[in-house]
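Worksheet: one structure, shown below.
The values are calculated or read from the model by the stated rules, or taken from the named source; none is laboratory data. The structure displayed is predicted, hence computed values, not measured ones. Neighbour counts run over all protein chains shown; Cβ positions are idealised from the backbone, glycine included. To get the accessible areas, we keep the full protein, side chains included, count just its heavy atoms, and leave off ligands, DNA and RNA. Shrake-Rupley method; radii C 1.70, N 1.55, O 1.52, S 1.80 Å.
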Amino acid sequence: MKEESFRYGKNQRGFGVATLPHDMARSPVFVTLNAGLLYRAEPYRLNVQVTRALARLGYIGIRIDLSGKGDTPVRPGLSNRESVASDWRDIKSAVDKRFGKRPVIIMGLCSGADNAIKLAAEFEDIVGVVLLDPISPRDADFRRRALRNKLSNPYTWLRLPVILLNRLKRMLGKKAEDPDNMGWRDEPTPDDLNACLNNLVQRNGRCLAFFTSHAHHHYNEQGQFGRVMSHIEGLDRILEEFHWPGVRHLYPVQAHRDRLVKEIEQWGRKNISLFSGEKS
């Protein structure tokens with residue numbers, strides 16, 4: 001395994017780091033996207049751990065700085081969606097030039113997951129996504145479960161003044177703090193999510209999703225994501241999801257990062273033949 005710089009775009013404007021396995025003959029490409037304004041290593045070097053673990057299995061891992069993050073300059077005059085799409089065209093072109101045409105899997109945390117969903121909805125070369133705290137639609141029983149969880153949680157009573165203040169703000173017509181979106185997320189639309197998952201089913205791709213304590217405002221039970229999206233025929237065949245309510249959003253605890261990396265590694269090992277186009 002070795003690492004090298006990865007440049008993409010006009011005048012090599014975009015920057016990343018590629019982790020290469022010893023044998024790249026049939027290696028799929030695994031690309032990690034930035035979360036928020038974080039640079040390519042991600043919080044607590046999470047992307048470094050993931051790409052290196054997968055490189056040991058035979059994947060080409062690339063940690064990318066999207067435009068306006070890390071060492072890649074901003075694309076002026078573009079919306080986030082336009083900028084990310086332009087970045088992806090340049091990234092894929094650079095991947096094809098350096099490694100040849102290969103299946104690509106992308107991973108993102110938070111806003112990175114939002115971007116991964118939008119990219120998989122638009123670009124046919126993406127055959128797998130790993131989503132860390134994506135936005136999930138709520139199901140019919142979400143509110144009942146949320147109320148039950150709040151009433152049984154002592155922390156709720158400690159936060160009662162904040163809860164009442166937010167409720168008062170809503171009554172006065174002021175916008176209360178949104179814990180899911182503090183201005184860093186350009187959330188995918190329902191159409192984006194449908195297209196992403198439909199495309200993966202049609203490509204016989206794979207989706208792996210993790211939901212931590214950060215997602216409790218829209219996700220609060222194992223299996224909710226698959227149930228809400230069950231109108232997509234064949235989704236149960238390609239989707240794996242995990243609910244880890246005791247884990248914090250950025251995985252600051254080493255044991256939790258180790259657990260995440262292990263699950264992604266096992267998923268990668270199980271699916272590498274599929275992604276490589278090999279016969280089982």
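Table for the structure above
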quantity: Residues of region 222-260 that turn out to be under 18 Å from Arg144 (Cβ atoms) and at pLDDT below 95, as a count; calculated: 1
quantity: Cross-chain or 6+ apart pairs with Cβ under 7 Å, region 1-28 first and in contact (Cβ under 8 Å) with a residue 24 or more places away in the chain and over 22 Å from Ala41 (Cβ atoms), then open to solvent by 50 Å² or more (accessible area, probe 1.4 Å) and charged (D, E, K, R); calculated: Arg26/Glu278
quantity: Glu42 within 15 Å of the chain's Cα centre (by Cα), modelled with pLDDT under 95 and acidic (Asp, Glu); calculated: yes
quantity: Region 129-145 - residue that is more than 14 Å from Gly223 (Cα to Cα) and without any contact (Cβ under 8 Å) to a residue 60 or more places away in the chain and, of those, most open to solvent (accessible area, probe 1.4 Å); calculated: Arg143
quantity: Test set (1) closer than 22 Å to Asn199 by Cα; (2) outside any helix (DSSP H, G or I); (3) more than 16 Å from the chain's Cα centre (by Cα) - Phe15 fails condition number; calculated: (1)
quantity: Extreme residue, farthest from Ala41 (Cα to Cα), among residues of region 235-274 that are open to solvent by less than 20 Å² (accessible area, probe 1.4 Å) and in a loop (DSSP other than H, G, I, E, B); calculated: Val247
quantity: Within region 28-81, considering residues that are basic (Lys, Arg) and outside any helix (DSSP H, G or I), the one surrounded by the most Cβ atoms within 10 Å (Cβ to Cβ); calculated: Arg63
quantity: Selected residue (only one of His216, His231 is open to solvent by 60 Å² or more (accessible area, probe 1.4 Å), out of contact with any Cys (no Cβ under 9 Å at 6 or more places or on another chain), in contact (Cβ under 8 Å) with a residue 60 or more places away in the chain and of a type outside the set (Gly, Ala, Ser)); calculated: His216
